Amino acid sequence: MRRRPLPSVREDSNVKSWHSLCDNEWAIYALVASVGALTYSNSLNGEFVHDDIPAIVSNGDVTGVNPVLNIFKNDFWGTPMSDTGSHKSYRPLTTLTFRLNYALCGLSAWWWHACNVALHAACCALVARAGAVVARLQRPFAALAALLFAVHPVHTEAVAGVVGRADVLACVFFLSSLLLYHGSCGRRRVWLSVVLAGLSMLAKETGLTALLFNLAFDVYRSWNSMNRSPVKCRWKSDSVWGRVAKGLLVLMLLAVGRLALLQGSLPAFSPQDNPPAFHPSFAIRLMTFCYLAAFNWWLLLCPWSLSHDWQMGSIPLITSGWDPRNLVTCAALIALLALSYRCLMDLELQRHTPLVVGLMLLVIPYLPASNLLVTVGFVVAERVLYIPSVGSVVITVYGVQLMWKRGGNSRRLLAMSVAVLVASGAARTYLRNRDWRTRESLLRSDLAVLPHNAKLHYNFANFLKDIEQQENAIKHYKEALKLWPSYASAHNNLGTLVLASGRAEHHFLQALKYNRDHVNAHYNLAKLYRKKNRIPESLKMLERCLSLEPRFVQAYLELLHITPEDEKRSTLDRLLELEPKNWEHHHLYGNWLKGRGLWPLSLAYYSTALRLTFNKGERGALPSLRAACLVLRSAGQHSRLLQLLTRWQGAGGGAAAAERRRAAAAAWRLRSELEGRAAKYARAPLMTSTCLHHSQLEVSPQYKNNLVKKDSRTIMNSPSVPLDNTDKVKHSCQKHMYKKSVSISAQYKPIHNKSETGVKKSCPLHKKKKIKDPDGLPYVTDHLIKTY
């Protein structure tokens, strides 16, 4: 049993003239993709803002701090899925694209935004293709639907915000799955579309709804043949029932796999994130959630008031049936029922396929974010409307197509209206992109739209605190607490700014009053108690802090201040276990060992700290270098001290560093030779010289006279002696040598210097050890590598 072929599209003369301009499909795809890219071109100069910071800049899965395999174990924010504090958002495919971005261009935001814009351009082309192939819009109107999608202002958060790539990437695979399932033939198309739907789910969870759409639209297209076919023939491999069975089986498997990734715990949300979900009244929850669905639809129809954060008072709860917002809900519900009724009445003839496709694309991808099936961590999020907006523009354009078919003088007005709609959407998107350029511009623009949003005041206060505008930050923290008195994080952050006034402890305690598990409040209170010398209370706060967050490194560092010296080893071991590649922790361990008198062990930790900085290309561990040098100097190991300084001086790359290494090596040779020679002189035995065999030598008078004459001539002929002083030198030599014969004194130290004796000696002390090194560096170079 096969699906009923889609009805042919009838075209009038005017539409045929449009087709003459759109004969080349690739020209249409290139046009809509170019419009989408140009509309968001001014977002390329944006920075990392909002959720980009925790999801990208501070995420070890993206920056390469964690192994690649951790991407498949952690959530979207880099927290292990097994962690109770995990957000449970599993999007490894998107994180892999982030990691590839980082490997290619680092944290240069321009390239990250360029990737988002390119994916959006691809989505625009896919919308044009799906509008013509799946929705069966006439080709010019399919191009119009893609144009409206390309310039829709509600997409700004998904495209201009780098984190929104999850929605854009999921849409790419979502539309590809639809096109492969409904727009091509072949036995493997179903399985290939299933694979694409799975990839869409790995980009973002809502991508799983591609399977629901494929199955529902397949049943719609095959409805007539299903009614005429006998029951016994319905389970053939290529029948609709076979396709539905395959799709449902895969859907169940993917859903079970996704639930298994929750690791037995659901994501933890708070009333600040989603106030209606925590209200005890079912009626209030239902009325509020239905209004939120209508409000999201309104954003698709009129995207004028936009914000990146709709939490905490942005949309008050509907607590009464007489609330005028219920009228909006009723209007949206009536429109939805009317469209659904029209689709059902046309189920046999299937003349309004674009309406059916648009309605399904509007409703099905939005279901996971509607709060009607599962609770999510937001009330309104513009980024989740990226895929449902495809259904919205398809319905809109189908209405334009129906009005165009009626003909008459209204066509010119209709064309002008459509042109104004596209131009206004592009202009609004262009202006909204400017808001997303920096953190400050985004917060200021959204505060102008939602001045009663406590979360926006809190975030803006955080920004002002970061740029050291403390007074303004305090004002916005207080405004956030005025709008939301139980805002624990606002109390905590305000307490950090009012330490001088003595109100810090009050705000920290208020934060713990409204949130007993607030980790930062426990930590800040412990730090405050330590400064006030209230050690037992500080220790209690730190223990509570570490029980809530066992991997809180700052709490362990604070614990070192109040722990006795004899008990610090366990804390230091824990720090090294949490961050084994942090050179500061090794430096702290070395300091503790040095204070205990364990200098060799402390030197090992200092060396590890230096090696870690070398491996990262840093030269910032000067405290570790200084501490290691002091330890070596105290131990009298001057050669190792020189080796350490040589290695530090030559660290780095390039010709300049090589020149520094050669100069340092030459200096090491000279100094080591001089120090070695002096040490050997100091250790030379008395009267056991093997260079002069004169321990028992007696000088005869005849030899004495010859020696005086010979030495006088030698000194007088020496170029280093002035001519006018030769007489004095001769007299001095004679006076000295004409003493009575004596043995050479036992205190005589032989001079092992050719320039002074003028005699070539074969003393082994004069034989320099020749060190063979092809690079001209001393043998200590190899030892340096082992030392670090």
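Site pair residue 500 and residue 224 shows an inter-label distance of 8.1 nm when each label is modelled 7 Å from Cα along Cα→Cβ. Solvent exposure of residue 287, expressed as accessible area, is near 50 Å², computed with a probe of 1.4 Å over the protein chains only.
Remark: relative contact order (region 317-421) = 24 percent; criterion is Cα-Cα distance under 8 angstrom and separation of 6 or more residues. Farthest toward the positive end of the dipole of region 487-542, out of 536, 509, 491, is the Cα of 536, where the dipole comes from beta carbon charges about the Cα centre.
A simple packing score, the average count of other Cβ atoms within 10 Å per residue, orders the peptides 383-391, 86-94 as 383-391, 86-94, with the highest score first. At full extension, residue 673 and residue 322 could sit 116.7 nm farther apart than now, given 0.36 nm per residue minus the alpha carbon distance.
Greater than 18 Å separation of Cα atoms is the criterion. Which listed pairs, 73/204; 455/475; 531/581; 88/204; 568/594, meet it?
On the way: 73/204 15 Å; 455/475 14 Å; 531/581 30 Å; 88/204 12 Å; 568/594 13 Å.
Going by Cα-Cα distance, 531/581 fall outside the 18 Å limit.
Can you tell me the length gained on complete extension of the stretch residue 189 to residue 576, counting 0.36 nm per residue apart and subtracting the Cα distance?
Full extension from residue 189 to residue 576 adds 134.1 nm.
Sorting the segments 108-117, 194-203 by their residues' average number of neighbouring beta-carbon atoms within 10 angstrom, most packed first, yields 194-203, 108-117.
From the alpha carbon centroid of region 116-168 to that of region 353-404 is 13 Å.
Can you give the FRET efficiency to the nearest 0.05 for residue 551 and residue 261, using r as the Cβ-Cβ distance and R₀ = 25 Å? Please list the in-between numbers first.
Working: r = 21 Å, r/R0 = 0.84.
Result of the calculation: an efficiency of 0.75.
Accessible surface area normalised per residue over region 253-391 is 47 Å², counting heavy atoms of protein chains with a 1.4 Å rolling probe.
Sequence-distant contacts, meaning Cα pairs under 8 Å at least 6 residues apart, place the relative contact order of region 42-109 at 32 percent. Projecting the Cα atoms of 308, 247, 291 onto the charge dipole of region 232-352, computed from C-beta unit charges around the Cα centre, puts 247 farthest toward the positive end.
The values are calculated or read from the model by the stated rules, or taken from the named source; none is laboratory data. Keep in mind that this is a model prediction, so the values were computed, not measured. Neighbour counts are summed over all protein chains in view; Cβ atoms, including those assigned to glycine, are modelled from backbone coordinates with ideal geometry. Each accessible area value is taken on the protein alone, full model and side chains, heavy atoms only, with ligands, DNA and RNA left out. Shrake-Rupley method; radii C 1.70, N 1.55, O 1.52, S 1.80 Å.
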